[in-house]
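Heads up, the thing below is written out as structure tokens.
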Amino acid sequence: MTFIAIWLPTFWVFGCAIGLGILNWNGLDWPNWLRWGLGLPLILIGNVVVWSAVANIGLGATSGGPAALQVDGWYRWSRNPQYFADMMIMSGWILLAASVWVVPVAIGIIIALAIAPFAEEPWLRRTYGTAYDIYLSRTARFVGFVR
């Protein structure tokens with residue numbers, strides 16, 4: 001059930017943002033160098049990061065299932081690489097679609113992704129205890145160098 005509760009809304013809101021962008025493609029008339037030169041790379045890099053992070057910890061663990069605390073791979077640099085990568089994807093879609101309809105939806109998604117870790121962290125602390133506290137002290141919430 002947790003799997004459905006997480007993935008269904010995720011695909012739905014991303015799908016809405018994509019659909020709105022297609023319907024109002026370049027409605028803001030932004031230059032191609034910005035849209036394709038910055039927007040597309042953000043989308044591509046974000047997808048590489050998010051799906052390799054999912055592959056690294058497994059679909060079950062990324063959906064809240066039981067697993068060991070992940071502290072290597074992308075998780076060495078970020079406690080939330082999937083959220084950060086999804087924010088990159090949405091930022092890239094804002095630029096690539098250049099749609100006035102996408103901007104408020106994508107910003108809402110980005111805000112939700114930025115807030116989500118605050119809801120997860122108490123559960124992670126209860127689940128992993130001292131190991132999570134140590135990880136928390138060494139690793140940035142979204143991106144950074146190991147402390």
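Values as computed for the structure displayed
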| item | result |
| --- | --- |
| Selection count where residues are out of contact with any Cys (no Cβ under 7 Å at 6 or more places or on another chain) and open to solvent by 30 Å² or more (accessible area, probe 1.4 Å), scope region 100-113 | 9 |
| Neighbours by Cβ (under 7 Å, 6+ apart or cross-chain): first from region 24-43, touching a residue at least 60 places away in the same chain (Cβ under 8 Å); second of a type outside the set (S, T, N, Q) and surrounded by fewer than 16 Cβ atoms within 10 Å (Cβ to Cβ) | 24/100; 27/100; 28/100 |
| Residue that is nearest to residue 103 (Cα to Cα) [pool: residues in region 21-36 that are part of a helix (DSSP H, G or I) and open to solvent by less than 50 Å² (accessible area, probe 1.4 Å)] | 21 |
| Which listed residue is open to solvent by less than 70 Å² (accessible area, probe 1.4 Å) and on the phi > 0 side of the Ramachandran plot, from 60, 46, 64 | 64 |
| Check on residue 89, over 17 Å from residue 27 (Cα atoms), in contact (Cβ under 8 Å) with a residue 40 or more places away in the chain and out of contact with any Phe, Trp or Tyr (no Cβ under 7 Å at 6 or more places or on another chain) | yes |
| Evaluation of residue 74 against (1) modelled with pLDDT of 95 or more; (2) surrounded by 17 or more Cβ atoms within 10 Å (Cβ to Cβ) (one fails), failing number | (1) |
| Any hit, region 77-85, residues being open to solvent by 40 Å² or more (accessible area, probe 1.4 Å), without any contact (Cβ under 8 Å) to a residue 60 or more places away in the chain and under 19 Å from residue 143 (Cβ atoms) | yes |
| Residue in region 73-84 that is part of a loop (DSSP other than H, G, I, E, B), of a type in the set (Gly, Ala, Ser) and more than 18 Å from residue 11 (Cα to Cα) present | yes |
| Count of residues meeting criterion [polar (S, T, N, Q) and outside any loop (DSSP other than H, G, I, E, B)] in region 85-125 | 1 |
| Filter result for residue 71 (over 30 Å from residue 27 (Cβ atoms) and β-branched (Val, Ile, Thr)) | yes |
| Per-region count, region 9-20, residues open to solvent by 50 Å² or more (accessible area, probe 1.4 Å) and of a type in the set (Phe, Trp, Tyr) | 2 |
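The values are calculated or read from the model by the stated rules, or taken from the named source; none is laboratory data. Here the structure is a predicted model, which means the values were calculated and not measured. Here the Cβ is made from the backbone with ideal geometry for all residues, glycine too, and neighbour counts use every protein chain on show. Protein only, heavy atoms only, side chains kept; ligands, DNA and RNA dropped before computing areas. Shrake-Rupley method; radii C 1.70, N 1.55, O 1.52, S 1.80 Å.
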